[in-house]
1. How much length is gained if the chain between Ser177 and Leu33 is pulled fully straight, taking 0.36 nm per residue apart and subtracting their Cα-Cα distance, in nm to one decimal?
2. Which far-off residues, 5 or more places away or on another chain, put their amide H under 5 Å from the one on Leu48, with H placed in the peptide plane?
3. Per the Kirkwood treatment, what hydrodynamic radius in Å, one decimal, follows for segment 9-233 from the mean inverse distance over all distinct Cα pairs?
4. Return the distance in nm (one decimal) between the two label points of a simple spin-label model at Phe196 and Ile22, each offset 7 Å from Cα along Cα→Cβ.
5. Could you work out how far apart the two model spin labels at Leu186 and Leu93 are, taking each label as a point 7 Å from the Cα in the direction of the beta carbon, and quote it in nm?
Amino acid sequence: MPSPKRQPPIINAPWPVAAFAILLVVLHLARLLLPDSLQNAVFFHGALFPERFWAPPDASPLISVPPYSGPLAAFVPMVSSAFLHADWMHVVLNAAFLVALAKPLLEVMRSVWPRREPAASLLLLALFLFSQVAACLFYLAATYPDGGLMVGASGGISGFVAAVLLLREGPDRWLLSRPFLIASGLFVVANAAFAFVGPELLGASIAWQAHIGGYIGGAIGMRAILWRMRRRRI
């Protein structure tokens, strides 16, 4: 008797996860369909520029990249950068990792808060955005004062990596548990190594600092969520 065919992961994923992954791909396609001038404007306002972030407000208007106009203009790219990608390989890889990692996280959140949708999905989205902002802040600090622009959802996805690893430890384990520290060390080493081989393999530089920052943000955020899960089960 032939075994049934396995469906692709994105079909098996909960619809909020699949919709988010598809949104990343659709937004990338929509950007590519824009005229070059509008694409440049999207990157100017949506990508994270350390040079713009760290530039003093009274910087000369003759510099190549002007500073952000204010705190809100500086914060927006920390979120919007997650929805911009450099090329098709970039967005497809991020969408695939998003589905693989977000699916088990959402299933656990739904099991703890049954019949509470969209609360579980919104909590997962909040974890992603918190990780993305942490990734951007870490990247800004590590590339002070003028690193290259940063785009992509990998900061938030790195936060999901930490969340999945913490989930395996259980709600009673803390961030300093030995298995999680070992896994975190391997994550850092792998990203440091990938920073050197990435340009050769993918033809683009890897914002490994953002991955580490997102991982730290995801670990902190997921630890708070697990604490809340534990209290609910008591």
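1. 47.1 nm
2. Met150
3. One over the average 1/r among Cα pairs gives 18.3 Å for segment 9-233.
4. 4.2
5. Result: 2.0 nm between the two label points.
Every number here is computed from the coordinates shown, using simple stated rules; none is lab data. Predicted model, so just to flag it, every value in this text is computed and none were measured. Glycine also receives a Cβ, built like all others from the backbone with ideal geometry; neighbour counts cover every protein chain displayed.
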